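The values are calculated or read from the model by the stated rules, or taken from the named source; none is laboratory data. All values reported here derive from a predicted model rather than from experimental measurement. Neighbour counts run over all protein chains shown; Cβ positions are idealised from the backbone, glycine included. The accessibility values were calculated without ligands, DNA or RNA, using every heavy atom of the protein model including side chains. Shrake-Rupley method; radii C 1.70, N 1.55, O 1.52, S 1.80 Å.
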Amino acid sequence: MSLFGVFLSAFITGFSGAMMPGPMLGVTIDGSLKKGAKAGPIVVLGHGALEFMLVMAMALGLKDFFASSKVAGLIGVIGGAFLMWMGLDMARSAVRNAVSIQDSAKGRFNVQNLALAGAIVSITNPYFIMWWATTGMEMIRQAYVLGWWGVIFFYVGHILSDFTWYSAVSIGIASGKRVLNDQLYRWTIFVLGLFLIGFSLYFIYGGVKMLI
């Protein structure tokens with residue numbers, strides 16, 4: 001995979017976490033109502049700082065661990081399986097009309113420091129931990145094949161998806177307009193779910209190939 005391929009896959013896959021309703025979106029909506037369009041980027045700043053430390057720790061501490069094809073293959077299969085589950089869940093939720101961008105407005109967070117809030121709601125989110133322990137680890141492993149530039153391109157692509165989505169949400173909320181109506185939002189979630197299913201097959205195939 002090329003550096004551009006690492007960047008693009010990280011950017012697109014990053015939307016799988018960014019666009020799903022959750023505590024970070026709730027913080028962004030609440031902050032946008034109180035502090036305007038700057039809230040989204042500030043929340044992502046705290047979230048991104050946490051992820052930067054996590055990516056560096058994984059790349060530094062696990063580079064020898066990645067050298068084993070068996071271990072790398074197992075990570076690929078597990079990460080792919082989790083990505084498959086996530087993609088199926090997203091597609092199914094969209095079909096059943098079980099997701100709504102409005103849902104995240106419930107239970108707003110009353111916080112003064114949006115950057116700190118972005119980090120706190122991330123590290124305390126089980127979904128965040130599961131994603132980085134499986135899919136994230138596999139993507140870093142693949143990026144590390146290209147050296148530190150691969151890791152950097154991965155991180156930039158991943159965090160840019162967060163900045164893109166939460167900035168758009170923040171601007172929309174601050175201006176008093178909805179960024180997406182529910183129907184378009186669900187279609188977006190459905191298409192992204194299908195993409196993740198396809199990407200999971202690529203992970204699983206590569207992992208099985210290494211194991212055998």
- Helix-derived mean residue ellipticity, 222 nm - over the chain, DSSP H n ≥ 4, -39500 (n - 2.57), to 500: -25500 deg cm²/dmol
- Scattering curve values for the chain, log₁₀ I(q)/I(0), Debye with Cα scatterers, q = 0.10, 0.11 Å⁻¹: -0.43, -0.52
- Query: In the chain, carbon and sulfur make up what percent of the accessible area (probe 1.4 Å)?
  - Reply: 71
- GNM top mover of LEU45, LEU83, LEU60 - the chain, alpha-carbon springs below 10 Å: LEU60
- Task: May I ask for the angle, rounded to the nearest 10°, between helix 23-35 and the longest principal axis of the chain, with both axes built from Cα atoms and the value confined to 0 to 90°?
- Result: 40
- Query: Which residue, SER32, SER93, SER68, tops the fluctuation ranking in a GNM of the chain built on C-alpha contacts under 10 Å?
  - Reply: SER68
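I need the peptides 5-14, 193-202 ranked by packing, meaning the mean over residues of other C-beta atoms within 10 angstrom, with the highest value on top.
5-14, 193-202
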- Task: In a Gaussian network model over the chain where Cα atoms closer than 10 Å are linked, find which of VAL43, VAL169, VAL145 has the largest mean-square fluctuation.
- Result: VAL145
- Between LYS70 and LEU88, what is the label-to-label distance in nm when each label sits 7 Å out along the Cα-to-Cβ direction? 2.8
- Measuring with a 1.4 Å probe in the full set of protein chains, what accessible area per residue, in whole Å², belongs to the chain? 48
- Message: Would you report the distance distribution of C-alpha pairs in the range 113-160 as whole percents per 10 angstrom bin, up to the bin with the largest distance?
- Response: 25, 43, 28, 4
- the chain: angle of helix 148-174 to the longest principal axis, Cα-based, in degrees nearest 10: 20
- With axes computed from alpha carbons, what is the tilt in degrees of helix 114-123 against the longest principal axis of the chain, rounded to the nearest 10 within 0 to 90? 40
